[in-house]
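Values in this text are rule-based calculations from the coordinates and carry no lab data. Computed from a predicted model, the values in this text were never measured in an experiment. A quick note on method: Cβ atoms are made from the backbone with ideal geometry, for glycine too, and the neighbour counts reach across all protein chains shown.
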Amino acid sequence: MVRTTPAGTPLGDRFHLYDTTLRDGAQREGISYSVTEKLAVARLLDELGVGFIEGGWPGALPKDTEFFARAADGELDLRHAALVAFGATRKAGVPVEQDRQVRALLDSRAPVITLVAKADLRHITAALRTDVAENCAMVADTVRFLVREGRRVFLDAEHFFDGYHHDPDCALRVLDAAVTAGADVAVLCDTNGGRLPLEVAETVGEVAARTGFRLGIHCQDDTSCAVANTIAAVQAGASHAQCTANGYGERAGNADLFAVTGNLVTKLGLPVLPPGALAELSRVSHAVARIANLAPNAHQAYVGNSAFAHKAGLHASAIKVDPELYNHIVPETVGNGMRVLVTEMAGQASIELKGRELGLDLAGSPEVLRCSARRVKELEAQGWSFESADASLELLIRAEMAEAPEAPFALESYRVVLDRRQDGEITSEATVRVRVAGRRVIATAEGNGPVHALDAALREALRPAYPWIASVGLVDYKVSILPQEQGTDAITRVLVESGDEERTWRTVGVHPNIVEASWLALCDALAYKSMTAAALTGAA
């Protein structure tokens, strides 16, 4: 049976962007969505504008059954996507009307159903313990039954590429059984993730030529080729791509929805999302990661925080002339942004570009550029790192510009005491002596560690003079040990992330003593906040 796409069909149906984060993506080790979280992820994917959202396997998992019930009862109001229920065909020897799992698919009230069926002769005989004729009958009966009940049906041909390589006629019989019975799409699955792009393209093209069916593609990432295989399949004729957010999935994962979408839109010119939605790619990626309780992948294509970050001085020199010389797209197209990383590799071009990013115009200040670049190299040779400490870097550049902000305090001394009691309880107490606004202030505070106590004491000393101190909090604290000849003489690098109601910023401190390294980072954090608070006050 040949199925072609009618002329004039809306693009949303001419090409299917199909997400299976809530089913296949949830099989990733360490991910376990609650029903409420599944609903939240579905809303995000709908905001992005994907065409189909596979919600899970009703009847097989109680959580998924509840998800579909709550979605159908009004908790999921989809504007762009159709909700899909995933399940298997009828069992061998069981009439389709009596198959409880097939009935659960209908009970889900999902308008679209994706059926999984074996397409590899070895799986049919060894795993299902049946023959090809019965396997095809299972497919045809189930598709025909669901279509008759008013459902749109897709077929996931499991292990298709392995099966086609082993016995192409058997694999094609399974596709034919589904499409002849009324399935809209035959999805070719690289279930074991072992195929490479050229082979995928060749197979998809061959199957398309032999059948005329509408084909889809579903790739696992076991060879790190899932995205490449998906794009190769589309270029060979597939018009339905199954992906997961951030590539989540079993083993090495699935094809990453955001990389696939970025490639389809910016490289192949397929507007598979609603107008303006591509700019939401980065936001949705990070939001899904937070719900999954996983850190966003900084180096993820298109949406990662480092996807458009440039470190080498050679890159910076070219970007200064034209950002497109080292960016394959304009980062804002996918809701991302370009960053310049300043390290010991940095030249004056890197400093100038970073200054522009920080709001500092250094184009007419060659001496500032030269001195800043030299100072960065000197400090990084001693163990400092400004790559992830933009606030400390800005303070350094401003010092070279003779625009260093006035410090909010001057240190006389500090003392930290660690007390371990017989019962094992440990307390820390810090005392700081500082001069604030011309007055000598002494403050003492306790904390759950020496750095916490020191931070609390410093805040106590500054609070009367600087009301904004109450809004500043310690967001993150990281310690790196930089080995020297002797372990006890190692240099300690401390990276502090601070934040208020509006933003966060990072500062760095380096010293052989961890408390002093922490103190330096804390001082920079408060100096930076003081500078920005003064700027806001002046603007007001």
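Taking amide hydrogens as placed 1.01 Å from N in the peptide plane, the amide H of residue 59 sits under 5 Å from those of 65, each at least 5 positions away in sequence or on another chain.
Do you know the relative contact order of segment 82-168, to the nearest whole percent, from alpha carbon pairs under 8 angstrom that are 6+ apart? All intermediate terms of the calculation are to be shown ahead of the outcome.
Numbers: 130 pairs, mean separation 31.8, N = 87.
Value for segment 82-168: 37 percent.
Spacing of the modelled spin labels on residue 480 and residue 516, each 7 Å from Cα toward Cβ, amounts to 2.0 nm.
Only DSSP H runs of four or more residues enter the estimate; each adds -39500 (n - 2.57), and after division by the residues of the chain the mean residue ellipticity at 222 nm equals -12000 deg cm²/dmol.
If we count other beta carbons within 10 Å of each Cβ, what is the order of 221, 120, 141, fewest first? Don't skip to the answer; put the middle values down first.
Values: 221 23, 120 26, 141 20.
If I rank by nearby Cβ atoms, fewest first, I get 141, 221, 120.
Between residue 410 and residue 363, the FRET efficiency from the beta-carbon distance, with R0 = 22 Å, is close to 0.05.
Out of the trypsin sites (Lys or Arg not before Pro) in segment 40-140, which ones are loop residues according to DSSP with at most 10 other C-beta atoms within 10 Å? For trypsin sites (Lys or Arg not before Pro) across segment 40-140 that sit outside H, G, I, E and B with at most 10 neighbouring Cβ atoms in 10 Å, the list reads 79, 129. The order of 175, 411, going from fewest to most other C-beta atoms within 10 Å of their C-beta, is 411, 175. May I ask you to list the chymotrypsin sites (Phe, Trp or Tyr not before Pro) in segment 184-265 that are in a DSSP loop and have at most 14 other Cβ atoms within 10 Å of their Cβ? Answer by residue number: there is no such site.
Could you list 78, 360, 172, 454 in order of exposure, starting from the residue whose Cβ has the fewest other Cβ atoms within 10 Å?
Numbers: 78 15, 360 18, 172 21, 454 24.
Ordered by Cβ neighbours within 10 Å, fewest first: 78, 360, 172, 454.
Are there GluC sites (Glu not before Pro) in segment 16-86 that DSSP marks as loop and that have at most 16 other Cβ atoms within 10 Å, and which are they? Listed in order of number, the matching sites are 29. With R₀ fixed at 30 Å, the C-beta to C-beta distance from residue 202 to residue 29 puts the FRET efficiency at about 0.40. If a paramagnetic tag sat 7 Å from the Cα of residue 166 along the Cα-Cβ line, which residues of segment 199-213 would have the backbone N under 19 Å from that point? Answer for this model: 200, 203-204.
The spacing between segment 136-160 and segment 235-285, judged by their C-alpha centroids, is 26 Å.
Note on residue 503/residue 122: beta-carbon distance plugged into 1/(1 + (r/R0)^6) with R0 of 35 Å gives a FRET efficiency of 0.05.
For the chain, lysine pairs separated by 8 or more sequence positions, or belonging to different chains, with Cα-Cα distances below 20 Å total 9. In this rough spin-label picture, where each label sits 7 Å from Cα along the Cβ direction, the residue 403-residue 100 distance is 7.2 nm.
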